[in-house]
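Input: a single structure, listed below in structure tokens.
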Amino acid sequence: VELIHRVDQQEPIEKLEDTLRRDPTLAFKLMRYINSPAFGLSVEISSFRHAIMMLGYSRLKRWLALLLA
């Protein structure tokens, strides 16, 4: 919920990264999601910053909302 709030306020990526680092389960799910075959990326995303940049704020918010449901 905290991360959704930070995304809503479009806080800097550094603050979003800090929030992710405090929740290992959420961090793992994000990395698994961004590196899934559905994205069709040719490289593995290994940092939270890169994952957030690849998703963008709106897509990240939608993904987080789905996790809460």
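Residues that are of a type in the set (A, V, I, L, M, F, W, C) and under 15 Å from Ser58 (Cα atoms) were ranked within the stretch 2-46; the one that is nearest to the chain's Cα centre (by Cα) is Leu30.
The residues in the stretch 52-62 that are touching a residue at least 24 places away in the same chain (Cβ under 8 Å) and open to solvent by less than 20 Å² (accessible area, probe 1.4 Å) can be counted, and the count is 2. Residues in the stretch 35-51 that are of a type in the set (S, T, N, Q) and loosely packed, with under 13 Cβ neighbours inside 10 Å: Ser36, Ser42, Ser46, Ser47.
Is the stretch 22-34 home to any residue that is open to solvent by less than 40 Å² (accessible area, probe 1.4 Å), out of contact with any helix residue (DSSP H, G or I) (no Cβ under 9 Å at 6 or more places or on another chain) and within 15 Å of Leu55 (Cα to Cα)? No, that holds for no residue.
The values are calculated or read from the model by the stated rules, or taken from the named source; none is laboratory data. Fair warning: this is a prediction, and the values are worked out from it, not measured in the lab. Counting neighbours? That spans all protein chains shown, and the Cβs are built from the backbone with ideal geometry, glycine included. Just the protein is used for accessible areas: all its heavy atoms, side chains included, with ligands, DNA and RNA removed. Shrake-Rupley method; radii C 1.70, N 1.55, O 1.52, S 1.80 Å.
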